[in-house]
1. Restricting to segment 122-139, count the residues that are in contact with a helix residue (DSSP H, G or I) (Cβ under 7 Å, 6 or more places away or on another chain) and either free of Cβ contacts under 8 Å to residues at least 12 places away in the same chain or closer than 16 Å to V104 by Cα (or both).
2. Does segment 47-75 hold any residues that are farther than 16 Å from L117 by Cβ, touching a Lys or Arg at 6+ places or on another chain (Cβ under 7 Å) and either hydrophobic (A, V, I, L, M, F, W, C) or assigned to a loop (DSSP other than H, G, I, E, B) (or both), and which are they?
3. Which residues, counting only those in segment 42-58, are closer than 16 Å to L120 by Cα and either modelled with pLDDT under 90 or charged (D, E, K, R) (or both)?
4. Which of (1) under 17 Å from K121 (Cα atoms); (2) modelled with pLDDT under 90 is the odd one out, the single condition N32 does not satisfy?
5. Determine, yes or no, whether R80 is at pLDDT 95 or above, touching a helix residue (DSSP H, G or I) at 6+ places or on another chain (Cβ under 7 Å), charged (D, E, K, R) and under 25 Å from K53 (Cα atoms).
6. Of the residues D98, D142, which single one is farther than 15 Å from V79 by Cα, among the acidic types (D, E), without any contact (Cβ under 8 Å) to a residue 24 or more places away in the chain and assigned to a loop (DSSP other than H, G, I, E, B)?
7. I'd like the residue in segment 111-136 that is exposed (fewer than 13 other Cβ atoms within 10 Å of the Cβ) and over 10 Å from the mean Cα position of the chain (by Cα) and, out of all such residues, is farthest from T22 (Cα to Cα).
8. Condition first: in a strand (DSSP E or B) and aromatic (F, W, Y). Now tell me which residues in segment 29-46 satisfy that.
Amino acid sequence: MSIPASFAHAQDGLCQAQTDTTVVLPPALSANKYWRPVNIGKHITIVPTSEAKAYRHEVAMLARKAGVRLTRGRVALTVRMYPARPQDWAKRAAKDPDGWDDTVRSIDLDNALKVLLDALKNIAFEDDSWVRRIDAERCEPDEHGARVVVTISPLVRERIAPGLFA
């Protein structure tokens, strides 16, 4: 079976299209600031906060500006989360060159992913159920400030040759 040259073959039967889009976003809110419980009669439901709505709006604006288009179907995400570099970073690095950034305050990577997926829903992909692969990393703080760098890659499943089922 031939695969178009515009795709990179993956071992799990998915092909990654070469139309990746990267966007730099502000740091994700913590889940505690993103969601709040609301009593509705005898039930409690979780709704986005006003901060969450503002974050979604900013993500949408930055994503459109970066050329992010709504992908219908499977996607892969690469997420690089950079915490803010503290003022005493050089002192920390001199004391512990290999692990100074382990003490830098930052949102947990898994909580950041939940917030990012929600914020990118209906902007980069229709629903987070379409996200088939995530490569995420909390990076060492640097001089460029706190941010999240997200690359969205459409995925296309290899088609089984129709002749196999005749």
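The values are calculated or read from the model by the stated rules, or taken from the named source; none is laboratory data. The model shown is predicted, which means the values in this text are computed figures rather than measured ones. A quick note on method: Cβ atoms are made from the backbone with ideal geometry, for glycine too, and the neighbour counts reach across all protein chains shown.
1. So the count comes out to 2.
2. Of everything in segment 47-75, those that are farther than 16 Å from L117 by Cβ, touching a Lys or Arg at 6+ places or on another chain (Cβ under 7 Å) and either hydrophobic (A, V, I, L, M, F, W, C) or assigned to a loop (DSSP other than H, G, I, E, B) (or both) turn out to be V47, T49.
3. Listed by number, the residues that qualify are E51, K53, R56, E58.
4. All conditions pass for N32, except number (1).
5. In short, no.
6. Every option except D98 fails the conditions.
7. Out of the qualifying residues, it is S129.
8. Within segment 29-46, W35 is the sole residue that qualifies.
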